[in-house]
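Down below is the structure, laid out as structure tokens.
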Amino acid sequence: MPELRAPHIRTARPEDDGELALLDRLTWSHRHAVTPEPQPPYAPFFSERHTPEDCLVAELGGRLAGYVHLGFPTPLDANRHVRQIQGLAVAEDARGLGVGRALVRAAVDEARRRGARRITLRVLGHNTPARALYEAEGFAVEGILREEFLLGGAYVDDVFMGRFL
């Protein structure tokens, strides 16, 4: 059995782009993604919307095992007090090792550090492992958009969750 260690969480660096882009492609699934499956030529991981400073990465055993994007839900000044988890991925072989939980906790801490009063996220209704994790970390369902997405031939709910900091 491999030695269980807590993942090391840090802010992403520009040089993580390639490894994070690969992780994103390897973890893509209709279980959590509303975008089409990535096809070549692949876009860079970081963009104007999601910069390295807005991304926390988990390192486990000397490699990147996951990430979480933390952004603003809208460009409006009226809700600058809210941060939003806008993407979370954990490598297949790192699941069940506490990486996702560590990333969610780090995102909550970082949102608080940046002065947020609330943190929100959207999760697909059929992604029960993610929903259970978020609920365990204090997020509550604040709304459900029924059959909001058609993914892989099935209609899927979009669940809005949030918590106060």
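Brief remarks on what is shown
- For segment 1-145, a crude dipole built from +1 on the beta carbon of Lys and Arg and -1 on the beta carbon of Asp and Glu, taken about the Cα centre, is about 520 debye to the nearest 20.
- Cα gyration tensor shape for segment 47-123, rounded if a/c is under 1.5, else prolate or oblate: prolate
- From its DSSP helices (H runs of at least four residues, each -39,500 (n - 2.57)), the chain gives a residue-normalised ellipticity at 222 nm of -6500 deg cm²/dmol.
- With both labels modelled 7 Å from their Cα along Cα-to-Cβ, the Leu150 to Thr74 distance reads 2.8 nm.
- 1.4 Å probe accessible area per residue over segment 21-165, in Å²: 54
- Whole-percent carbon and sulfur share, accessible surface of the chain, 1.4 Å: 53
- Globularity index of segment 33-85, i.e. its alpha-carbon radius of gyration over 2.2 N^0.38 Å: 1.40
- Taking max minus min of the alpha-carbon positions on each principal axis, the chain gives extents of 41, 39, 35 Å, largest first.
- For the pair segment 89-118 / segment 10-85, the C-alpha centres are spaced 12 Å from each other.
- Spread of Cα-to-Cα distances over 5 Å intervals beginning at zero, given as percent, for segment 90-165: 3, 15, 23, 21, 18, 14, 5, 1, 0
The values are calculated or read from the model by the stated rules, or taken from the named source; none is laboratory data. Being a predicted model, the structure only gives us computed values, none of them experimental. We place every Cβ from the backbone using ideal geometry, glycine too, and count neighbours over all the protein chains shown. When the accessible area is computed, the model is the full protein with side chains, heavy atoms only, and any ligands, DNA or RNA have been set aside. Shrake-Rupley method; radii C 1.70, N 1.55, O 1.52, S 1.80 Å.
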